[in-house]
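Below is one structure, written out as structure tokens, with a few remarks after it.
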Amino acid sequence: MNSLLQKKESARVPEPTLRRLPWYLSNVKLLKQKGERYVSSTQISKEINIDASQIAKDLSYVNISGRTRVGYEVDTLIAVLEDFLGFTNLHKAFLFGVGSLGGALLRDSGLKHFGLEIVAAFDVNPKLVGSTLNGIPIFHSDEFKAKMQEHAVPIGVLTVPIEIAQHITDYMVEGGIKAVWNFTPFRIRVPENIVVQNTSLYAHLALMFNRLNFNEIK
């Protein structure tokens, strides 16, 4: 697919649809492992409990059509979804804050399968600076701008303590980072042209606990 056309199409996709498409991709990959050559919206619906009409509507954004009473060709659907979601292109990233969560992300080699390659990490801890984790070098935070001139990495992964989250975000943006994957529970402020994806584990924990308590009260 033409990259410019893909960007224009992606811009029109509702965020809930973008959140669901990876679920469909994972499910279709499982069906492929079971030997399925074709899959319908109804089949996917039964597996992940999302209405088949919603699935068909979501898939209409990715420029693929199924065959009547047969469905979508599995290999083609996987390829189209991976391309549309950006998983086929490797996006390089720097990680800031090699604590327990940051270290876990550095160890997660599976991120590459979804198009993200963390090529370096930054911290101020003298015990970490100069070492490597899962083959990824850890530099002092002061070296970030120099490393940006070498690599021109577009994405910053933020796993620092909350009290310095905004400071490090400003530092990243000033150094040329174009998108921030924010794992802190702090809502960072960025210029309008900077992409931010907030992934707060604590917010999801609070939601789960609240729902669990509600169910117990019932």
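The values are calculated or read from the model by the stated rules, or taken from the named source; none is laboratory data. As the structure is a computational prediction, the values presented were derived from the model and not from experiment. Counting neighbours? That spans all protein chains shown, and the Cβs are built from the backbone with ideal geometry, glycine included.
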Considering only residues of the stretch 78-117 that are hydrophobic (A, V, I, L, M, F, W, C), without any contact (Cβ under 8 Å) to a residue 24 or more places away in the chain and not assigned by TED's automatic domain parsing to the domain that holds residue 24, which is nearest to residue 13 (Cα to Cα)?
111
So, of the residues in the stretch 55-73 that are surrounded by fewer than 13 Cβ atoms within 10 Å (Cβ to Cβ) and not in a strand (DSSP E or B), which turns out to be nearest to the chain's Cα centre (by Cα)?
60
Count of residues meeting criterion [of a type in the set (A, V, I, L, M, F, W, C), more than 19 Å from residue 177 (Cα to Cα) and surrounded by 18 or more Cβ atoms within 10 Å (Cβ to Cβ)] in the stretch 96-132
2
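Determine which member of the set 152, 165 is in the same structural domain as residue 136 (by TED's automatic domain parsing), surrounded by 14 or more Cβ atoms within 10 Å (Cβ to Cβ) and either free of Cβ contacts under 8 Å to residues at least 60 places away in the same chain or among the hydroxyl-bearing types (Ser, Thr, Tyr) (or both). Steps first, answer last, please.
Details: 152 fails: surrounded by 14 or more Cβ atoms within 10 Å (Cβ to Cβ).
Only one candidate qualifies: 165.
Quick test for you: out of 52, 79, 11, pick the one residue that is within 22 Å of the chain's Cα centre (by Cα), exposed (fewer than 15 other Cβ atoms within 10 Å of the Cβ) and at pLDDT 90 or above.
Numbers: 52 fails: within 22 Å of the chain's Cα centre (by Cα); 11 fails: at pLDDT 90 or above.
From the options 52, 79, 11, the qualifying one is 79.
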Note on residue 42: of the conditions (1) more than 23 Å from residue 114 (Cβ to Cβ); (2) not in a helix (DSSP H, G or I), unmet is (2)
What is the one condition in (1) in the same structural domain as residue 154 (by TED's automatic domain parsing); (2) in a loop (DSSP other than H, G, I, E, B); (3) in contact with a Lys or Arg (Cβ under 9 Å, 6 or more places away or on another chain) that residue 120 does not satisfy?
(2)
For a quick check of your reading of the model, give me the residue pairs whose first member lies in the stretch 179-204 and is in the same structural domain as residue 118 (by TED's automatic domain parsing) and of a type in the set (Ser, Thr, Tyr), whose second is surrounded by fewer than 12 Cβ atoms within 10 Å (Cβ to Cβ) and part of a loop (DSSP other than H, G, I, E, B), with beta-carbon atoms closer than 8 Å and at least 6 apart or on different chains.
184/161
If you go through 86, 110, 97, the only one that is at positive phi and under 14 Å from the mean Cα position of the chain (by Cα) is 86
Note on residue 146: of the conditions (1) small (Gly, Ala, Ser); (2) over 22 Å from residue 100 (Cα atoms); (3) touching a residue at least 24 places away in the same chain (Cβ under 8 Å), unmet is (3)
